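Student: I'd like to ask some things about the structure below.
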Amino acid sequence: MWTWRSSIESMAPERLFDRLDAQGHHARVIEGANRQAARLIARYRERRGDLPGRQTRVMSPLTRIGELAADVPNKSTEALDFTGRCAAALPKAAATPSSVDWASLPRLIQEIGADALPVTSAANLLIGIIIGFLGVSQLGRLGAVAYVPGLVVVAHFRELGPLVTAIVVAGRSGAGLASEIATMKVSEEIDALRSLGFDPVRWLVVPRCLALTITLPLLTWIGDLLALVGGLAATTAITNMTTHAYIEATTAHITAAHLLVGLIKSPFLALAIGLIACGQGLATHGGSAAVGSRTTAAVVQSIFSVIVISAVFTFFFALIGI
């Protein structure tokens with residue numbers, strides 16, 4: 001016979017009784033320990049057959065797409081509301097510098113910029129090599145290998161450099177920022193900041209967005225240089241072009257317009273990553289599962305936003321002839 005003292009704490013004693021009954025054991029509550037708990041357990045066991053079972057909602061792909069589309073206006077409203085709050089926080093942060101966690105700015109620049117440098121550098125180097133190989137394989141058929149250095153400069157400086165760097169930073173640093181703030185929200189550190197009179201947007205979001213805005217253009221510029229090295233290695237390895245000739249052709253195609261187009265995009269891409277990551281972190285509710293889901297949403301939305309913003313800038317520069 002199995003007995004259980006109701007005075008001993010248990011996560012789910014009624015389920016323990018059910019499990020023991022299923023195993024063929026006889027379980028009962030010792031009288032006099034806690035009569036109220038014994039009555040509740042007995043009542044549950046009498047009525048457990050009347051409780052509705054847990055139902056799993058199965059949605060078709062079209063239903064899922066419709067649900068996501070119906071949720072777009074709410075998500076857009078939340079994004080615009082958070083962006084407006086961040087914009088309104090900037091004048092207040094300038095008026096009261098003590099309301100911003102400036103002490104964390106060097107650490108954030110280190111984590112977002114210096115720590116991400118190996119990954120972004122390797123990605124841009126490989127992109128330069130890929131562009132070089134593709135340029136040689138396609139332009140070589142026309143006897144126009146001399147235009148490969150220009151292709152690397154234009155493609156990477158204007159489009160691929162800022163885009164690849166921003167995507168890598170969004171997947172690495174954006175996820176870290178979102179999970180950090182989400183963990184603070186779940187552990188009630190954000191509520192503690194509010195109780196002390198600090199605005200979480202000014203204290204947390206402003207320095208993180210500023211760190212991203214500073215570091216992403218620098219990472220993009222370094223990535224542009226490494227892409228040129230990758231293009232040089234790829235072209236000279238499979239063609240008769242000398243290193244000197246490649247460098248001369250590259251120098252002739254590097255213009256202020258090509259360089260500035262990419263560098264102008266970078267701060268906007270960085271700002272989008274910071275706002276989305278911090279916004280998802282501050283919107284977290286629940287436990288550890290909510291932290292993971294918000295981090296995933298931050299990465300997906302950041303990458304998609306980066307691609308959209310880059311396309312908008314490309315269209316705009318094409319309209320004005322740059």
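The values are calculated or read from the model by the stated rules, or taken from the named source; none is laboratory data. For clarity, every value in this text was computed on a predicted model and none was experimentally measured. As a convention, Cβ positions derive from the backbone with ideal geometry for all residues, glycine included, and neighbour counts pool all protein chains shown. Note: areas computed on protein heavy atoms with side chains; ligands, DNA, RNA excluded. Shrake-Rupley method; radii C 1.70, N 1.55, O 1.52, S 1.80 Å.
Student: What single numbered condition from (1) within 30 Å of Ala290 (Cβ to Cβ); (2) surrounded by 13 or more Cβ atoms within 10 Å (Cβ to Cβ); (3) at pLDDT below 90 fails to hold for Ser195?
Tutor: The failed condition is (2).
Student: Which of the residues that make up region 308-322 are under 12 Å from Arg158 (Cβ atoms), among the hydrophobic types (A, V, I, L, M, F, W, C) and surrounded by 10 or more Cβ atoms within 10 Å (Cβ to Cβ)?
Tutor: Matches in region 308-322: Phe313, Phe317, Ile322.
Student: Applying the selection to region 186-201, what residues are farther than 20 Å from Arg107 by Cβ and in contact (Cβ under 8 Å) with a residue 24 or more places away in the chain?
Tutor: Val186, Asp199
Student: Additional query: Would you confirm whether any residue within region 226-235 is touching an Asp or Glu at 6+ places or on another chain (Cβ under 8 Å), buried (at least 16 other Cβ atoms within 10 Å of the Cβ) and either assigned to a helix (DSSP H, G or I) or modelled with pLDDT of 85 or more (or both)?
Tutor: No: region 226-235 contains no residue that is touching an Asp or Glu at 6+ places or on another chain (Cβ under 8 Å), buried (at least 16 other Cβ atoms within 10 Å of the Cβ) and either assigned to a helix (DSSP H, G or I) or modelled with pLDDT of 85 or more (or both).
Student: Would you list the helices (runs of 4 or more DSSP H) that sit entirely within region 92-172 and hold 3 or more residues that are at negative phi and polar (S, T, N, Q)?
Tutor: Filter on region 92-172 gives 117-139.
Student: Could you list, in sequence order, the residues of region 283-295 that are at pLDDT below 90 and either of a type in the set (Phe, Trp, Tyr) or assigned to a helix (DSSP H, G or I) (or both)?
Tutor: Result: Ser288, Ala289, Ala290, Val291, Gly292, Ser293, Arg294.
Student: Continuing with this model, one more query. Just give me the residues in region 149-166 being within 10 Å of Ile127 (Cβ to Cβ) and open to solvent by 10 Å² or more (accessible area, probe 1.4 Å), in sequence order.
Tutor: Passing the criteria: Ala155, Leu160, Leu163, Val164.
Student: Out of everything in region 251-274 that is open to solvent by less than 10 Å² (accessible area, probe 1.4 Å) and not hydrophobic (A, V, I, L, M, F, W, C), what residue ends up being farthest from the chain's Cα centre (by Cα)?
Tutor: Within region 251-274, the match that is farthest from the chain's Cα centre (by Cα) is Gly262.
Student: Condition first: over 16 Å from Met184 (Cβ atoms) and surrounded by fewer than 23 Cβ atoms within 10 Å (Cβ to Cβ). Now tell me which residues in region 276-292 satisfy that.
Tutor: Within region 276-292, Ala289 is the sole residue that qualifies.
Student: A follow-up question, please. Which of the residues that make up region 105-135 are surrounded by fewer than 16 Cβ atoms within 10 Å (Cβ to Cβ) and farther than 22 Å from Ala166 by Cα?
Tutor: Leu134
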